[in-house]
Amino acid sequence: MSKNKVLALSSPGGHWVQLCRLIPAFKASDVVYACTYSKASELSDDDNYYVIGDISRDSIQRVFSVISGIVKILKKEKPTVIITTGALPGLITILLGRLFGIKTVWLDSIANSEKISMSGKIASYLAHNCFTQWENLAGDRIKYIGRVI
Amino acid sequence: MILVTVGTQIPFDRLISIVDDWVSESGTKQEVVAQVGSSVYSAKNMTVFQSVEPEQFEQYINDCDFIISHAGMGSILTALRVKKPIVIFPRKAALGEHRNDHQLATARSFANTDGVYVVNDKEELFAVLNNPSELSSGVLNDSAEYKKLLINVENLLQQ
């Protein structure tokens, strides 16, 4: 049986640190990583890593180059699952994943301890699975399955 | 060495200027290295970098005695992982320091975590910095909730 292929993608900073906390859960899968760092020191040289453009609500003009970068990864690597810890690049990837017919998973940042992020709320309508790291924030579309700490 | 970090997305000059003031007022001999983002404040008493690549950041974080940071999860999780005390100063949306007040929520959520010290203004930060021997480090445990997350995510990816 062929392994499934995971695309694990996030924004830098806390989003990426949390995504890296999930690495042990990827051991049974082929995995491709993507973030904005030119080199991801958390990964080994053997890991398959792509650099994507950074974007936030304050730099939305870069959206098209970020989209084209992510589309290239999706076409080349053909992941079967996308998992992201946010933020906006993750949301864009979830949307593109839906268009490509790929299973999508959103894990909202543990920083959002009192309410789900704006991106997370949108992701809860787009992603196949949407999770919060705070049990008290779980609801119909957003479930709790554990936390990174 | 004291490491100050505010992430790269939005500057946080209120924190940088307060730390800069403390260095001059306290007359500390300790080196202070600050990652300041796209800051417009020119620090007089610290070594500043706009951004630091992860590898270099890892070096600083291993070398420092403790960390002063905005209330960002990357900083908090990294400090716990390398077992360094971290003083967190949340950004406020009302002051244009972030898009929303999730850092205040983060600060409330981590206020009781070992090794994490929450300060909300200059006086509170100065009080902590003037008594650095009271800072102790936390730890990033593989908690039951973390193990549960890994199992759930692994199962989900296999489905």
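The values are calculated or read from the model by the stated rules, or taken from the named source; none is laboratory data. Predicted, not measured: the structure shown is a model, and the values here were computed from it. Every residue, glycine as well, gets a Cβ built from its backbone with ideal geometry; the counts of neighbours run over all protein chains shown.
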Checking the structure you have, find out if any residue of segment B:16-28 is within 14 Å of chain A (Cβ to nearest Cβ), closer than 25 Å to B:G138 by Cβ and not basic (K, R). no
Output the residue which, of all residues in segment A:97-122 that are under 15 Å from B:A107 (Cβ atoms) and hydroxyl-bearing (S, T, Y), is modelled with the highest pLDDT. A:S109
Restricting to segment B:123-151, and then to whatever is of a type in the set (G, A, S) and in a helix (DSSP H, G or I), can you tell me which residue is nearest to B:I67 (Cα to Cα)? B:S133
Entirely in segment A:1-104, the helices (runs of 4 or more DSSP H) that have 1 or more residues that are surrounded by 22 or more Cβ atoms within 10 Å (Cβ to Cβ) and within 14 Å of chain B (Cβ to nearest Cβ): A:14-21, A:88-99
